[in-house]
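Working notes for the structure below.
The values are calculated or read from the model by the stated rules, or taken from the named source; none is laboratory data. The structure presented is a predicted model; accordingly, all values stated were derived computationally and were not measured. Note: ideal-geometry Cβ built from the backbone for every residue, glycine included; neighbour counts use all protein chains shown.
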Amino acid sequence: MAGNGMLRILRITPHFYRPGNWPIAFDPVGGLQNQTWTIAQAMDKAGATQTVLTSYIPGSPRHVRISATMRVTCTGFRLPEFLAGPMLCFSWFLGAIPELLRARHRYDLVHIHFNHSVWCRIIAVIVGRLKIPLVVSMNTPLWSGLQSALGLKGKSYDVTRWLEGLALRSADRVVVLTDTYGRSAASELGLDASRIEVIPDAVDVEAFRRPIAAGLLRAFRREHGIPDDRTIVSFIGRISGEKGWQDLPVLVERLSGENVFLLICGDGPDRHKLEAALAAVSRPGWWAITGFVSPAEVKKALKISEVMILPSRREVFGSVLLEAMAAEVPVVAYAVGGVSDVAGRPEALALVPERRREALADRTLQLLADSEERNTLIARGRRRVRDFSLDSAVALNLALYASVLAGSVNGSRQPAGVLTLQEDGSSPDGA
């Protein structure tokens, strides 16, 4: 602990959103960026001192001071745009090594947020070998993601699974987003279930419920070419294969016949493919792709939407589902991965079997036509999203850190009580 009693966290993630002019060509924003930003902000308000170690993106500063107690350090090389995809995480990994070697003397605990890359896993192994208290959040499972994307079988899959298991066993605790993925990790990788903690993504509910001036919403519609008389269905997310953009052209065909506009908020590696596919099936004026939009613009998109869709092929959690529920927008989604966990019981989402694009379109049109069912889902979502509050996420993280520091297998020992922080960031005993 620091001399003022504040918990010192090194938060490691290759993707971390921060306000400003985001260089989308290098790092399209997705759930991991937004969630690490959201929880880091909430922990900052709770009194933790944090350094976020993330990827350097050409044109952005190497160091960003977010607050008096939170700073962002960006590591890696100045890459040309065409190398950003395959090399960004490797560049970040190499640049991060010096900070890792100094971490034991600077921080009380390291928290790594896994993306799809192997480099996060290697960092976890290094931190474990350095005997630094370690928490790993498995935002994206390496073994199942690569197995599905690349069709891994035999030795390739075994090596992938071995590396994932080695990295997770290096941690004092493994955080998963849903019970489904917790059980999967325990069974697939042979992890001790007692070291797995379920801490779901969180959302600032009030931020999504605040009214937005009508003039700003009209300007948003004009900016993206949405006629005033069109009902809007939205897709919000990264335009890449696992997010199911392949099903959007069929949806546009069906929606346009009912005077419904599809608003696609996001960007990604498959944007040009999607644009070509949409142009092949629909005349202009029935869909728009905004490109990257800030969180403030996402709130506007939700405000003008009657329904949101999530046609993901794979989804560990789907934090955008929480944003839609907070904004009181009903959702139609494929029942994949952790989506069913988020839906709860009774289901706060309209779920359809995965990859059934006609069923997705049918359910969307049915929901648009039935205001009573929309209101039912909105009411369920309003109740369900309370389970994903920022206050709850902060409390769960602080309790987890206390447990880790009280009995870390990586060598550090601290009394659990020191992590119950006061509003001013000091410890309860004034240490």
Mind checking which pairs have a first residue in segment 318-335 that is of a type in the set (Gly, Ala, Ser) and a second that is in a loop (DSSP other than H, G, I, E, B), Cβ under 6 Å, 6 or more apart or different chains? Ser319/Asp201; Ala333/Leu349
Quick test for you: out of Lys273, Lys243, pick the one residue that is of a type outside the set (A, V, I, L, M), buried (at least 17 other Cβ atoms within 10 Å of the Cβ) and not assigned by TED's automatic domain parsing to the domain that holds Arg183. Lys243
Scanning segment 293-325 for residues that are hydrophobic (A, V, I, L, M, F, W, C) and within 16 Å of the chain's Cα centre (by Cα) gives Val293, Val298, Leu310, Val316, Phe317, Val320, Leu321, Leu322, Ala324, Met325
Quickly run through segment 269-306 and pick out the residues that are over 19 Å from Glu253 (Cβ atoms), modelled with pLDDT of 95 or more and hydrophobic (A, V, I, L, M, F, W, C). Ala301, Leu302, Ile304
Within segment 356-377, which residues are surrounded by fewer than 16 Cβ atoms within 10 Å (Cβ to Cβ) and out of contact with any strand residue (DSSP E or B) (no Cβ under 6 Å at 6 or more places or on another chain)? Arg356, Glu358, Asp362, Gln366, Ala369, Asp370, Ser371, Glu372, Glu373, Asn375, Thr376
Note: among Ala2, Ala40, just one is in contact with a Lys or Arg (Cβ under 9 Å, 6 or more places away or on another chain), surrounded by fewer than 19 Cβ atoms within 10 Å (Cβ to Cβ) and either more than 20 Å from His116 (Cβ to Cβ) or modelled with pLDDT of 75 or more (or both), namely Ala2
Can you confirm whether Ser312 is out of contact with any His (no Cβ under 7 Å at 6 or more places or on another chain), assigned by TED's automatic domain parsing to the domain that holds Gly241 and farther than 23 Å from Leu262 by Cβ? no
Does at least one position in segment 17-35 carry a residue that is over 21 Å from Phe317 (Cβ atoms), at pLDDT 90 or above and either in a loop (DSSP other than H, G, I, E, B) or more than 21 Å from the chain's Cα centre (by Cα) (or both)? no
Within segment 200-237, tally of residues that are over 26 Å from the mean Cα position of the chain (by Cα), small (Gly, Ala, Ser) and part of a helix (DSSP H, G or I): 3
Across segment 276-317, the tally of residues that are closer than 16 Å to Ala350 by Cα and touching a Ser or Thr at 6+ places or on another chain (Cβ under 7 Å) stands at 6
Looking for whichever is among the aliphatic types (A, V, I, L, M), touching a Gly at 6+ places or on another chain (Cβ under 9 Å), touching a residue at least 60 places away in the same chain (Cβ under 8 Å) and at negative phi here; the options are Ala103, Ala46. Which one fits? Ala46
Inspect all residues belonging to segment 65-77 and state whether any of them is in contact (Cβ under 8 Å) with a residue 60 or more places away in the chain and either closer than 15 Å to Trp119 by Cβ or not in a helix (DSSP H, G or I) (or both). yes
Considering only segment 312-331, I want to know if a residue exists there that is modelled with pLDDT of 95 or more, over 19 Å from Val205 (Cβ atoms) and not polar (S, T, N, Q). no
Residue, modelled with the lowest pLDDT, within segment 56-75, restricted to residues that are more than 22 Å from the chain's Cα centre (by Cα) and within 16 Å of Pro14 (Cβ to Cβ): Pro58
